[in-house]
1. Could you work out how far helix 118-133 tilts from the main Cα principal axis of the chain, as a 0 to 90 degree angle to the nearest 10?
2. Can you tell me the orientation of helix 217-228 relative to the chain, as the angle in degrees between its alpha-carbon axis and the longest Cα principal axis, to the nearest 10?
3. Taking the Cα centre of each part, how many Å lie between the range 1-71 and the range 76-120?
4. For the residue pair Arg134 and Glu45, what label-to-label distance in nm results when each label sits 7 Å from Cα along the Cα-to-beta-carbon direction?
5. Nearest 10 degrees, 0 to 90: what angle lies between the long axis of helix 68-82 and the longest principal axis of the chain (Cα atoms)?
6. Can you tell me how much longer the chain between Glu73 and Arg28 gets when fully stretched, taken as 0.36 nm per residue apart minus their C-alpha distance, in nm with one decimal?
7. Using packing as a proxy for protection, rank 57-69, 22-34 so that the peptide with the highest average count of other Cβ atoms within 10 Å comes first.
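We did not get these values from a lab; they are worked out from the coordinates using the rules stated. This is a predicted model, so every value here is computed, not measured. Virtual Cβ from ideal backbone geometry, glycine too; neighbours counted across all protein chains shown.
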Amino acid sequence: MKLLEGKVALITGASRGIGKGVAEAFARSGANVAFTYLSSVEKGEALEKELAAHGIKAKGYRSDASDFKAAEELVTAVCTDFGTVDILVNNAGITRDTLLMRMSEQQWDEVIHANLKSVFNLTKAIQRPMLKQRKGSIINMSSVVGVKGNPGQSNYAASKAGIIGFTKSVALELGSRNIRSNAIAPGFIETEMTAALDPKVVQSWKDSIPLKRGGTVEDVANLAIFLASDLSGYITGQVINVCGGMLT
Ligand code: NAP
């Protein structure tokens, strides 16, 4: 039997990058997959077809994770279409990198809304069906930057550190109902998000990684499968780094 056979997963921001990798890995592991995207409509539609080819149920929804009402409507729609949700992966995220000296209020607000408020929105909405079925696994995509900080990313680091505090609090609140909440802290993973970085910065990051390479989306997806599955049934409130040893 496949590790996620019969489970229903909802993944935010799966049109590309890590979210797409997690959606593909979950489908290969037998999960039925609901996923969201915001601007990448064609990529979202293509992914729906690709996932369904694994013989599971797959559906993409265009939904803004930073919008409270949209998150509520999304969870209602997914529960109607799939019956329930067992796994929530809060993956959607953006960067608006610049030094604090130059950072605008808009750059701060956009990142906090897309990265942190989205996690509140989706978790709040998913609480009800998970409480009803007395089980669930919530996986939040933080970052090593949220643990360590990073110059030029004070907005992003604050959002990712906020996710860690939220993840641990939810684990404490919902543990007695068999709902687990964990965070993944990826290091440098090669996606479109990191392709936008200065190549010199990228090289210096790679040089400082003990495993001497950037991570792949599969490296992150493998941990997500574990946290989503019953293999991690006694693990909650944790932050696990996937960073090639960058942060020890
Ligand atoms: P990416 O390639 O830029 O993809 C981001 C995804 O999030 C896209 O599918 C995008 O959808 C979606 N998204 C953005 N804002 C959204 C919103 N408001 N509502 C719904 N979807 C939204 O990023 P990535 O590198 O895969 O990163 C994924 C997550 O991992 C992020 O939370 C990121 O902070 C975290 N992370 C990444 C790294 C890394 O090295 N790559 C390291 C640590 C943590 P559209 O394309 O449709 O807009």
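1. Helix 118-133 sits roughly 20 degrees off the main axis of the chain.
2. Result, in degrees: 40.
3. About 16 Å separates the Cα centre of the range 1-71 from the one of the range 76-120.
4. About 4.4 nm separates the two model spin labels.
5. With both axes taken from Cα atoms, the answer is about 40 degrees.
6. This chain segment gains 13.5 nm when fully extended.
7. Result, highest mean first: 22-34, 57-69.
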